[in-house]
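A quick write-up on the structure given underneath.
The values are calculated or read from the model by the stated rules, or taken from the named source; none is laboratory data. In this text the structure is predicted, and so the values were computed from the model without any measurement. Here Cβ is always computed from backbone atoms with ideal geometry, including for glycine, and neighbour counts include all displayed protein chains.
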Amino acid sequence: MASITPRKNKQGEIISYQIEVFRGRDSSGKKLKPFSMSWKVPQGWKERSIQKELDKVANEFELNCKAGRISIEKKTFEQYAAYVMTLKERDNKHKTVFRYKQLLNRINAEIGHITVSKLTSAELNSFYLKMGKKGQNKRTGGGLSPQTILHHHRLIHAILEQAVKEGIIQFNPADGATPPKQPKHEADFFEIADVIRIREVLLKEPLKWRVIVYLLIDTGARRGEIMGLKWSSIDFGANQIVIENNLLYSPDIGVYNDTPKTHKKRTINIAPEICSLLKLYRKERLKHKMSMGDLWTDTGFCFTQDNGLPMYPDSLNTYLYQLQDEYDLPPIHPHKFRHTHASILYELGENPVAISKRLGHDQVSTTQNMYSHVLKESDKKVSNDVAELLYRNTNKKRGKTAK
């Protein structure tokens, strides 16, 4: 049973109670430091109400101690975050964990010294406000964007939620904090005329780059998924490619190959014209491989450096920026082709489930939320088509009858 000790002020008035629960003994028989908590007496309460509430708090505390939901350790946020990162490393991709650690550098500098159990929502709000002030973004000199601040908030919330789960704290202070709202951004995509123009100028460019960009346009795949494509993942007979790799870069380990974002591989049909282009490109690469001799490293990737090693994913962005400047094209980045592909599919009236599957999204709602603006336009078209069928055609027939 919990022991309860009153604490008095200089005037002899009881201001709080210390509640302790026995933890057991160590191997030598010595008593371990007990679980403890302090309960402050609310002002103006009568003795009967105080005793009733005190018994309730003490009983709940004892039950939580026995259930293993209370920790004796008083870890700082930084110490506990380091522990949570070991759990994240087990279940998340390297890129995700690396980003978490980057965010923790700023988080720990601000709240890392605070004991987890003493961290408050107000302290988190102060941190969020500070991040939005001038000078916080070292690159621009301004404040951090609402989206970046939200990334910090979500990581803090996840760490503290683990603390709630383990009984270290009873309430997640991040739930009571108020991060900035993230402004909605519509997916940026090309007009069809722009896509045709880009395809035309690519006819003057090296075959490797032409094939990469054509695949981005034709499949809607992510940059790393195309850069990570292997010859073994292409079925030339069926005009299909299997998306099962994702080529990425991290400052701590360099270029590395991972599974796709959702951990699932997917098969995508490609146009026969793209398949023919891939065959032509394969012949070119085989010739180059022979000319390199012992300097060639066979990695199996379709798109490589001159020595056969995988390309740096950012080299595609660099190339597209150069292409944009040379031919006076609209702003180009790899993901814009993905958005364009999805927009075209929606405008063609394709099934949302099929679109989501082709893009490699875990849930259809993810695709629909991302391309809500396109869905609105498609809905307008559907509405007009229905009106044309039900009302305008009927009016035309009535007009003919009247004649």
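Some values worked out for this structure:
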{"quantity": "Selected residue (criterion: modelled with the highest pLDDT) from residues of segment 323-352 that are under 25 Å from Leu203 (Cβ atoms) and among the polar types (S, T, N, Q)", "calculated": "Gln324"}
{"quantity": "Enumeration of residues in segment 173-190 that are polar (S, T, N, Q) and at pLDDT below 95", "calculated": "Gln182"}
{"quantity": "Any hit, segment 303-322, residues being touching a Gly at 6+ places or on another chain (Cβ under 9 Å), closer than 16 Å to Pro206 by Cα, at pLDDT 95 or above and surrounded by 15 or more Cβ atoms within 10 Å (Cβ to Cβ)", "calculated": "yes"}
{"quantity": "Restricting segment 323-332 to residues that are touching a residue at least 24 places away in the same chain (Cβ under 8 Å) and either outside the structural domain of Val242 (by TED's automatic domain parsing) or surrounded by 14 or more Cβ atoms within 10 Å (Cβ to Cβ) (or both), the residue that is farthest from Ile268 (Cα to Cα)", "calculated": "Tyr327"}
{"quantity": "When residues of segment 286-311 are limited to those that are under 19 Å from Arg210 (Cα atoms) and without any contact (Cβ under 8 Å) to a residue 60 or more places away in the chain, the one farthest from the chain's Cα centre (by Cα)", "calculated": "Lys287"}
{"quantity": "Positions within segment 249-269 being more than 14 Å from Leu229 (Cβ to Cβ), among the aliphatic types (A, V, I, L, M) and crowded, with 16+ Cβ neighbours inside 10 Å, in sequence order", "calculated": "Val255"}
{"quantity": "In segment 270-281, the residues that are surrounded by 15 or more Cβ atoms within 10 Å (Cβ to Cβ) and out of contact with any Leu (no Cβ under 9 Å at 6 or more places or on another chain)", "calculated": "Cys275"}
{"quantity": "Ile241 being among the β-branched types (Val, Ile, Thr), assigned by TED's automatic domain parsing to the domain that holds Pro334 and either modelled with pLDDT under 95 or loosely packed, with under 13 Cβ neighbours inside 10 Å (or both)", "calculated": "no"}
{"quantity": "So Pro179, is it surrounded by fewer than 18 Cβ atoms within 10 Å (Cβ to Cβ), without any contact (Cβ under 8 Å) to a residue 60 or more places away in the chain and not charged (D, E, K, R)", "calculated": "no"}
{"quantity": "Number of positions in segment 39-48 that are outside any helix (DSSP H, G or I) and either surrounded by fewer than 11 Cβ atoms within 10 Å (Cβ to Cβ) or out of contact with any strand residue (DSSP E or B) (no Cβ under 9 Å at 6 or more places or on another chain) (or both)", "calculated": "6"}
{"quantity": "Whichever residue in segment 206-226 is touching a residue at least 24 places away in the same chain (Cβ under 8 Å) and farther than 16 Å from Ile270 by Cα and, among such residues, is farthest from the chain's Cα centre (by Cα)", "calculated": "Leu207"}
{"quantity": "Pair list, Cβ under 6 Å, 6 or more apart: segment 262-279 residue touching a residue at least 60 places away in the same chain (Cβ under 8 Å) and not assigned by TED's automatic domain parsing to the domain that holds Gly360, other residue charged (D, E, K, R) and not in a strand (DSSP E or B)", "calculated": "none"}
{"quantity": "Segment 5-37 - residue that is loosely packed, with under 10 Cβ neighbours inside 10 Å and among the hydroxyl-bearing types (Ser, Thr, Tyr) and, of those, farthest from Arg69 (Cα to Cα)", "calculated": "Ser28"}
{"quantity": "Residues (buried (at least 16 other Cβ atoms within 10 Å of the Cβ) and in contact (Cβ under 8 Å) with a residue 40 or more places away in the chain) located in segment 74-87", "calculated": "Lys75, Thr76, Phe77, Tyr80, Ala81, Val84"}
